[in-house]
Amino acid sequence: MTIWNSAREFSRDESGVVTVWSLGWATAFLLIGGLSIDAGNAWRTKEMLQATADAAALAGTIELDAMTDDDAREEAIRIADLNLGYTVLIDADIVSGAWDVDTRTLDTAAVLKDAVQVTTRRSSATDNALPTFLLKLIGFSSWDVGARATAQRFIPGCIQSGLISRMRVEVSSNNEFLEGICLHGQTGVKISSNNYFEEGVKVTMPDLSSLQIPNSGLETNEGLEQALGEDWIDPKIVDHVSDIVTALKNPASSRQPDYINPSLPAISLTRSGFESATLIAGRVYKVNCTGGSAMNIKTVQNIVLSTNCKLSFNALSKVSNAILATSNTSTQSINGSGNSIVGADDNCAPGGGAQLITAGEVHFASGLKLSGSQIVAVGSVTIAAQNDGIEGASIQSAHDIKLTSLSSFGSCNTNIDQILYEDYFRLVL
């Protein structure tokens, strides 16, 4: 009886329950707190690793050579170390290749490379795993955290076939824009009535609120509503015009097209001595003008001209497979009186294109035929009425681009001869 009573009393005894209960809750709180603190720290670290991966991939791509990635690897690691102050990127976690836009994959076997992919890590495999704080009390001592980024060097499609202004693109009435052409103004686009925009045309600006059209603009401009979009495209090459004009004086410059013989010295001429009949294919010509003089451009092929003269075109002007670059900053730096031909009229076949580069303004009167060619101007670009032979044009300006009436703008089936360009870089993954 005594033993039975003692057992019953023991079973009813609740002393110490609070301690056991407290230990249970303490364990639960530690687990919840550990998950909160340590998971939060892991998430924050992953964000830092992602930002570092983005920066390293872009830095590596900027330094990437088309044939080798040695400099790219070195620069990616340097930027990653600089970003965090400790090692999260090693050579084995850097790969380069050609980015496939359609499949969104990196072809690491490609001969010509345009992209760099990096993976930043804090993991046990790389001996830098992220330690935990509270979770180590239950045996979970570290996290494996990583991030990946891929950056690509590219030329925007609108740069290759379009009219890109750092200021505004202005379009008067009764113009036709055919598939593949882009109109982009960094500060906006202004369009009058009665223009036609074929399916596949893009009209963009960073903010569509900067579009200026008449009240009936969407109804009186067929296809415009479908063409509209927001984008950010800066014509970077306009900032390098001065350097380009200087570089083109050197036949061995990397800016030179492949039809120039880099082993032959540049030929210096006076303005009057620059005659089409005497030009030698494959040579660079340097011409100096005084007093705001202008050079009359006639038939020019397979040469490069670097000058400070104004360049004047007329109905007899035919320029193909040539670069004409001037440091002249006047409002008539490059001007055409009518019916000038820039670029071979060959349906944009490879070769035959022309590049017109100026530190000033460009103004072409009616009848310009522009085929597979490029115009780069620090000043504004104006193309006047009745230019129905523009097929494949890359026009970039640091100021406004103005198109008057009755013109037709088409694109090439292939890319134009864009010999002079600046690379653009983007994160693709």
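Before moving on, here are some points about what is shown:
- Set of aspartates and glutamates near residue 46 by C-alpha distance (under 18 Å), chain-local residues within fewer than 8 positions excluded: 38, 54, 81, 93, 127, 144
- What the Cα atoms of the range 194-330 give is an Rg and a Dmax of 20.5, 60 Å.
- As an equivalent ellipsoid, the range 48-134 spans semi-axes of 26, 14, 11 angstrom, where each value is the square root of five times an eigenvalue of the C-alpha gyration tensor, largest first.
- Partner lysines whose Cα lies under 26 Å from the Cα of residue 298, excluding those fewer than 8 positions away in the same chain, are identified as 249, 286, 310, 318, 369, 402.
- Span-rule helices in the chain, defined as complete DSSP H runs reaching 20 Å or more along the axis (Cα) with Kyte mean at least 0.0: 17-63
- Note on the chain: with charges restricted to the Cβ of Lys and Arg (+1) and Asp and Glu (-1), its dipole about the Cα centre is near 1020 debye.
- Evaluated over the range 195-270, the Cα radius of gyration and Dmax, each in Å: 21.3, 60
- Most mobile listed residue (381, 95, 201) in the chain, GNM with C-alpha springs under 10 Å: 95
- Surface exposure of the chain, expressed per residue as accessible area with a 1.4 Å probe, stands at 48 Å².
- Coil-residue trypsin sites (Lys or Arg not before Pro) of the range 39-117, DSSP, other Cβ within 10 Å capped at 16: 104
- Protection proxy ranking, peptides 316-324, 135-143, average beta carbon neighbours within 10 Å, highest first: 316-324, 135-143
- In Hz, Karplus ³J(HN,Hα) per residue of the range 238-254 (6.51, -1.76, 1.60; θ = phi - 60°; x = Gly, Pro): 5, 7, 10, 4, 4, 5, 5, 4, 5, 4, 5, 6, 9, x, 8, 5, 5
- For the range 265-278, 3J(HN,Hα) computed residue by residue from phi via the Karplus equation (6.51, -1.76, 1.60; θ = phi - 60°) reads x, 5, 9, 9, 9, 7, 4, 6, x, 7, 10, 3, 5, 9 Hz, glycine and proline entered as x.
- Electrostatic tally near residue 125: other residues with Cβ closer than 12 Å to its Cβ, Lys and Arg +1, Asp and Glu -1, net -1.
- Residue among 304, 118, 376 with the largest mean-square fluctuation in a Gaussian network model of the chain, springs linking Cα atoms under 10 Å: 118
- Solution diffusion estimate, µm²/s, Stokes-Einstein, the chain, Kirkwood Rh from C-alpha pairs, 37 °C, viscosity 0.692 mPa s: 128
- GNM flexibility winner over the chain from 119, 204, 290 (Cα, springs under 10 Å): 290
- Considering helices alone, the calculated mean residue ellipticity of the chain at 222 nm is -7000 deg cm²/dmol, with DSSP H runs of length four and up weighted by -39500 (n - 2.57) and normalised per residue.
- Here residue 66 and residue 133 are evaluated by their C-beta separation; at R0 = 41 Å the FRET efficiency comes out at 0.30.
- Hydrodynamic radius of the range 240-298 per Kirkwood, over alpha carbon pairs, in Å: 12.5
- Solvent-accessible area assigned to carbon and sulfur over the range 282-429 amounts to 46 percent, based on a 1.4 Å probe.
- Each of 229, 116, 358 was placed along the dipole of the chain (beta-carbon charges, centred on the mean Cα), and the one lying farthest toward the positive end is 358.
The values are calculated or read from the model by the stated rules, or taken from the named source; none is laboratory data. None of the values given here were measured: they were computed from a predicted structure. Positions of Cβ are backbone-derived with ideal geometry, glycine not excepted, and every protein chain shown enters the neighbour counts. In case anyone asks, the SASA skips ligands and DNA or RNA and just uses the protein heavy atoms, side chains included. Shrake-Rupley method; radii C 1.70, N 1.55, O 1.52, S 1.80 Å.
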